[in-house]
Every structure is written in structure tokens, then in C-alpha cells.
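Data first, discussion second: the structure below is written as C-alpha cells.
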Amino acid sequence: MCGLLGEFGKNPSSKIKFNSLLKLSENRGPDMAGYYNNLDVKTDQIPFLQFGFNRLSILDLTENANQPIISKSSRYVVMCNGEITNYLDLKNKMGLKEEDMRSLSDTEVLCHSLDYWGIRETINRINGMYAIVIYDTNNHNIYLIRDPAGIKPLYFAQTKFGWVFASQYNQIFKHPWFKVDAKINEESLTDYLRLGYIPAPSALFKKSWMLQTGSFVIINSELNVYSQEYHMLEDRSEYIETDNDTLQKLSNLLDNTFIDYVHSDVLIGSFLSGGIDSPLVNAILSKLGHKMSAFTISTKFLGINEAEIAEKISKYLGINHKIEPLKGEKIKTIIDDHFSAFSEPFSDYSSIPTYILCKEASKHFKVLLSGDGGDELFWGYTRFLSVMDYKHWFKYPRYQRLIWASILRRLDNKVSSCIEFDSIEDWVFERQSPIWISQVKKLMPQARHSFFTQRLYTIPNSVRTSKEILLWLRKNEFYGHLQRVLLKVDRASMAHGIEVRVPFLDKRIIDFSALISPELGISHRNTKYLLKNILKSYIPENYYLQHKQGFSFDLNTLLRNELKEDFTDTLMSKNLFGNEFIDSKVIYDMVNNFYERKGITNEWGLWTLFSLQKWSKLVYNN
């Protein structure tokens with residue numbers, strides 16, 4: 001997509017330093033670099049402003065569409081990282097003619113929208129995937145806006161000199177205003193160990209944040225700030241059933257929505273797995289007349305190789321398809337480049353095949369379509385069913401559950417280990433965590449989560465019924481696990497200067513999914529019930545997987561072979577990042593136990609610690 005950088009405060013950093021920080025996001029937008037400042041109106045009452053922008057040219061490849069863009073009224077200065085997918089509809093509603101336009105870009109239409117409707121109304125009208133920064137030259141307010149699903153990143157930080165905001169977190173902590181007082185946020189470090197990433201609005205260092213999904217922040221001319229949510233995945237009082245009428249409405253909505261994601265002046269490709277979501281994207285757009293080209297990763301490290309299934313689907317749909325083999329030796333050669341692509345600590349190791357896939361795809365395309373979001377919105381994970389199967393156990397005290405489970409196991413009955421947790425949410429949290437809570441307590445005896453993470457993994461007292469639990473689980477996935485997935489895809493794709501569009505996370509589909517009655521585990525056990533029924537009208541059921549397999553590989557084998565030297569050298573170092581909070585002796589014991597095969601192996605937990613140290617070496621200290 002693009003990369004943006006800005007500062008708003010008392011005294012500017014030098015333009016040389018500012019441009020060096022902007023260059024950090026050059027991979028996000030290698031086609032052009034833009035700059036703006038407000039020196040012409042700067043007074044003691046008006047803070048100094050600098051904007052920098054790295055552009056990835058997708059719509060209107062001419063310099064007319066370069067950013068920052070000043071609106072026709074000259075009131076607004078705008079930077080937009082992403083795509084406003086309904087820009088043609090907005091253009092028609094405003095009655096814009098060719099003579100009204102300086103370019104054919106979506107950001108040009110966004111500027112006209114601001115002049116026409118104002119900022120608040122425009123925020124509610126736009127759709128797509130975006131991180132937007134707006135400077136209102138009338139009142140000298142800065143607006144930071146992030147899309148409803150959190151597809152595009154936007155960080156900001158408060159310093160004694162003013163505010164800094166950027167697409168990449170390293171542009172924040174390396175900024176001269178910020179780095180002089182940078183201190184690790186212990187709660188954010190705890191969140192990272194438990195989740196493998198730091199969820200918004202938190203960030204690794206104090207007084208810095210990632211803008212929350214579906215929200216905006218206003219920084220006024222006195223450098224005060226306040227935020228507001230404008231879109232949330234809300235629970236409803238009434239729901240529609242998953243009948244044929246709903247199926248047809250959703251099918252029509254997917255057609256009308258997906259078509260907005262192929263507007264481009266460059267070639268578009270797509271990811272293709274053996275599951276439900278990406279085949280559905282490819283099938284619908286093929287039906288609508290778009291010539292699709294798909295990419296898939298194949299690897300011996302996968303338990304089930306989805307490449308073979310994806311190839312079968314592509315042949316059935318008649319689309320071009322490239323399969324990229326993934327080998328352990330190849331991972332070894334790109335591992336440092338992979339970690340350098342993440343401006344914040346991140347430990348989902350499926351980012352490695354994602355990184356390689358994006359690298360290969362970038363040789364042919366600047367835009368790729370993804371199927372992400374379908375699992376979270378339409379109950380696609382089998383772990384939802386596990387909760388439904390065992391939720392009744394949590395009506396009883398833990399000690400009773402343990403007694404009954406012991407008896408049942410002696411009678412050769414299988415009982416989930418979930419009964420060992422105090423609550424459903426503790427169990428859900430543990431299943432999504434790379435490092436178990438027992439290990440975290442050893443690593444960080446004073447571990448404490450951020451308020452947002454505590455809230456995300458707490459079931460409200462009002463939740464009682466099966467339907468209410470399913471709704472809570474979906475919201476937990478949308479604002480939890482999905483954010484890790486989106487972060488992974490954004491960073492891996494942007495490292496190679498390609499844009500990944502996520503049509504399932506269109507605001508219209510998010511809102512429609514919120515209307516559907518949750519039935520999984522209540523009236524049926526079929527994950528993604530509606531999406532599967534739509535897909536089988538395009539592809540025979542025996543062509544695709546009924547359950548998601550994931551995009552991963554055998555990490556255990558990799559750590560014991562190709563990456564062993566790098567892994568041990570990094571984690572056995574005497575200069576570990578965060579050692580004032582993390583007990584390094586516990587890390588050494590975990591590494592030794594892993595290679596000596598003592599106790600239960602938790603390679604993802606070790607990878608999470610390894611990722612933190614690699615990030616420190618390659619990004620933080622580089």
C-alpha cells in the first residue's frame with residue numbers, strides 16, 4: 001500500500017532526520033516520496049507540522065495522484081495508506097465530473113468527500129482498508145483514522161515535544177522526540193508473551209499506541225488528544241436465521257462487495273488455499289468475468305499439503321495458478337529479512353511462508369486478494385465447537401470438575417484438559433497463547449496484562465446462553481486472533497511493496513455477519529455454514545477442505561536442524577532484550593530442555609522468545 005509519517009509539535013526535527021525516518025517505510029511505497037509542512041502559517045499558537053508519504057501506485061499511476069493531497073477547497077491536507085474501495089460510489093453521489101478531478105485516485109475522491117460532507121460524515125461513508133491522516137488547516141486539528149477491521153496499521157506517540165504518527169512502529173521509537181525517553185511498557189511485554197503480538201491500542205513502549213480498529217483520534221492545536229470509536233462489531237437484539245433467503249442475500253452481497261476490490265491500474269493476483277474463503281473469492285470473481293491468477297505455498301513441513309487441493313480447485317475454476325515450494329534451507333536464507341519486515345515484535349511463525357509467498361508474488365503483481373476474515377465472521381474455527389461441547393462443565397467448581405474427570409478417564413472416557421482452567425475465558429486465552437500462563441509466570445513473576453487484553457478475554461456477566469457465548473467468541477476472535485493475522489499479512493506484503501486486499505472484511509460484510517443467528521454447535525456442527533453452501537454452488541464439495549488446516553509448518557524440526565545455530569546463539573545470549581523484566585535463566589532452561597527433550601515441548605513459546613530477541617537485534621538496535 002503506502003507508508004506515512006508525521007510530527008505535530010513545538011519544534012520540528014530536521015528535515016534530514018525526518019526524511020531518514022520516512023525512508024524506513026520505503027518498501028511500503030517505493031514509487032514516490034512526498035512531503036508537506038505548514039511553515040507558511042506557523043505561529044506560537046499553531047504547532048509545527050511535517051507530513052511524509054511513500055506511495056505504492058495502484059490507482060492512477062501518474063504524479064497527479066501523489067500524496068500528501070490538498071483538497072480542492074485547500075482546507076484539508078490528506079495522507080491515505082490503503083484503498084477506499086467505494087470511491088466510485090462516493091464520486092457518483094457527489095456528482096463529480098472529470099473537470100472537478102485532478103487525478104483518478106481514490107484519495108482524490110476522499111479529499112472531495114471531506115470538502116462535501118466534512119470529516120465526521122466522511123468517516124462514516126467511506127469503506128475499505130485504510131489508515132488516514134488529515135490536517136484541518138482551519139482549526140489546525142490532526143485526525144488519525146483506522147479502518148473498522150484494523151487491516152492497515154497506524155501508530156502514534158506522545159512526547160514532550162509533541163506528537164508523532166506513522167505506519168511503522170520503528171518510525172516511532174527511532175524518532176528523536178521519542179527515543180530519548182523510551183521505556184518498555186511491562187503490560188505490553190506481557191501481552192506479547194501471551195499472544196505473540198501486542199494488540200491495539202497498546203504498543204511496546206510507554207506513551208505510544210497503535211490506533212484501535214474502527215476508531216479515530218483528534219490532536220488539537222493545543223496538542224491535547226481524544227479518541228472515539230466509529231464502528232464496532234456489535235451484538236444485536238434480533239438475528240436472521242440461516243435459511244435460503246439469508247443464503248441468497250449473502251451471496252448477492254459477496255458479488256456486489258468483491259467487485260469493489262478489483263479496481264486497479266495494475267495487475268491483480270490472489271492467494272489460494274485448499275479451504276473455503278480464498279476459493280470463494282476466486283470463484284465469485286471468476287464468475288463475474290475477472291481473469292484470476294493465484295499463488296499457493298507447498299511444503300514438506302506441512303502436515304497436510306493444501307497446494308495439491310488448491311491446484312485441483314484452480315483447474316476446476318480455470319484460473320492461472322503458481323505453486324511455490326517452501327524448503328527449510330530457503331527459510332534459513334531469508335530468516336533475517338523476514339524479521340526485519342516487522343517493525344514490532346511478532347511471533348506467529350506462519351509469517352515465514354506468508355513472507356515467502358509475498359516475495360514470489362511480488363515478481364508478478366502489485367495487488368493480491370486474500371480470503372482472511374471468513375473464519376472470524378462466520379464461525380470457521382473448530383475451537384468454537386470445543387467451547388460449546390465443554391461449556392457446561394464450567395457451571396461447577398474446578399475441584400468437582402477434576403474429580404469427575406478423573407473418574408471418567410479411568411473408565412476410558414476422553415475429557416478435555418479445559419476442565420483444569422478456572423473459567424472458559426482462561427481456557428480460550430491459553431489455546432491462543434504461544435507461551436502457557438505457567439511459563440509466563442516463571443519468565444515474568446510480576447506479569448500483568450493491559451486493560452484491553454484483560455477486557456478481550458473476559459466474558460461479561462450478562463453472557464449466559466449458548467448463543468451469547470458464540471457471539472462473545474466471535475468478537476474475541478475478531479478483535480484478538482484476527483488482528484494478529486492482519487498484522488502478519490500487512491508486514492509480509494509491505495516488505496515487498498505489494499498490496500493485499502481483504503474483501504471479506506468489507507464493512508458491509510462485517511455488518512451483515514453481525515445479523516446472522518449463531519447456530520454452530522446449537523442447531524448444527526458445520527463451521528462456516530453459509531459460506532460452504534455458497535461455495536458448493538461453484539465447486540464440488542469433495543474439491544475443498546471442510547475444516548481449516550492453517551498456514552504453517554513443522555517448527556520443531558526446523559529449530560532442531562536448519563535454524564538450530566541461530567536459535568541457540570540468540571536465546572543463550574547474555575544481552576537479552578527486556579531482561580529487566582524477563583528472567584533469562586528461565587529462558588536458558590527452556591532452551592536446554594527443548595534440545596534435551598525434557599518435559600513437554602513448547603516450540604511456539606520458544607519461537608516467541610526468539611522472535612523478540614531477533615527483532616531487538618535487527619530492528620530495534622539497527
Could you compute how much accessible surface Glu26 exposes when probed at 1.4 Å, giving the result in Å² to the nearest 10? 80
Long-range HN-HN contacts of Trp163 with modeled amide H, under 5 Å: Phe8, Gly9
Amide H of Met292 versus every other amide H placed in the peptide plane: which residues, excluding those fewer than 5 positions away on the same chain, fall under 5 Å? Asn320
How large is the direction-averaged shadow of the alpha-carbon convex hull of the chain, in nm²? 28.3
Net charge near Asn320, counting Lys/Arg +1 and Asp/Glu -1 over other residues with Cβ under 12 Å of its Cβ? +2
Mean Cβ count within 10 Å, highest first, over the residues of peptides 395-406, 279-290: 279-290, 395-406
Sequence gap at least 6, Cα distance under 8 Å: using those rules, report the relative contact order of the stretch 225-329 to the nearest whole percent. 22
For Cα pairs less than 8 Å apart in space and 6+ apart in sequence, what is the mean separation divided by the residue count of the stretch 187-234, i.e. the relative contact order in percent? 22
Below 16 Å, Cα to Cα, which lysines can Lys467 reach? Residues fewer than 8 away in the same chain don't count. Lys391, Lys475, Lys528
Interchain or sequence-distant (5+) residues whose placed amide H lies within less than 5 Å of the amide H of Leu326 are Ser298, Thr299, Lys300
HN-Hα J in Hz across the stretch 51-65 - Karplus 6.51, -1.76, 1.60, θ = phi - 60°, x for Gly and Pro: 10, x, 9, 10, 9, 9, 7, 10, 10, 6, 7, 7, 5, 4, 9
Once phi is turned into θ = phi - 60°, what whole-Hz ³J(HN,Hα) does the Karplus curve with 6.51, -1.76 and 1.60 give for every residue of the stretch 83-93, x standing for Gly and Pro? 9, 8, 6, 9, 5, 5, 5, 5, 4, 5, 5
Going residue by residue through the stretch 340-355, the Karplus relation 6.51 cos²θ - 1.76 cosθ + 1.60 with θ = phi - 60° gives ³J(HN,Hα) values, rounded to whole Hz and with x marking Gly or Pro, of 5, 6, 9, 7, 9, x, 7, 10, 6, 6, 5, 5, 5, x, 5, 4
Cα centroid of the stretch 333-354 to Cα centroid of the stretch 234-286, whole Å: 29
Residues of the stretch 192-218 with the amide nitrogen closer than 16 Å to a label point 7 Å from the Cα of Tyr230, along Cα-to-Cβ, please. 211-218
May I ask you to order 512-519, 385-392 by the average number of other C-beta atoms within 10 Å around their residues, highest value first? 512-519, 385-392
Note, Thr122: beta-carbon cut-off 15 Å, +1 each Lys/Arg, -1 each Asp/Glu, net +1
In the chain, with Lys and Arg counted as +1 and Asp and Glu as -1 at Cβ, which of these residues, Phe53, Met210, Val262, has the Cα nearest the positive end of the dipole, that is, farthest along it? Met210
Indicate, rounded to the nearest 5 percent, the antiparallel portion of the DSSP beta bridges found entirely in the chain. 75
Using a 1.4 Å probe on heavy atoms of the protein chains only, the accessible area for Asp243 in Å², nearest 10, reads 70
Summing +1 for each Lys or Arg and -1 for each Asp or Glu, what net charge is found among the other residues whose Cβ lies under 13 Å from the Cβ of Pro153? +3
Summing -39500 (n - 2.57) over every DSSP H run of at least 4 residues in the chain and dividing by its residue count gives a helix-only mean residue ellipticity at 222 nm, to the nearest 500 deg cm²/dmol, of -11000 deg cm²/dmol
Can you give the relative contact order of the chain as a percent, counting alpha carbon pairs under 8 Å and 6+ residues apart? 17
Give the separation of the Cα centroids, the stretch 127-153 to the stretch 573-622, in Å. 37
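The values are calculated or read from the model by the stated rules, or taken from the named source; none is laboratory data. In this text the structure is predicted, and so the values were computed from the model without any measurement. All Cβ positions, glycine included, derive from the backbone under ideal geometry; neighbour counts span all protein chains shown. The area values use the complete protein model at the heavy-atom level, side chains included, leaving out ligands, DNA and RNA. Shrake-Rupley method; radii C 1.70, N 1.55, O 1.52, S 1.80 Å.
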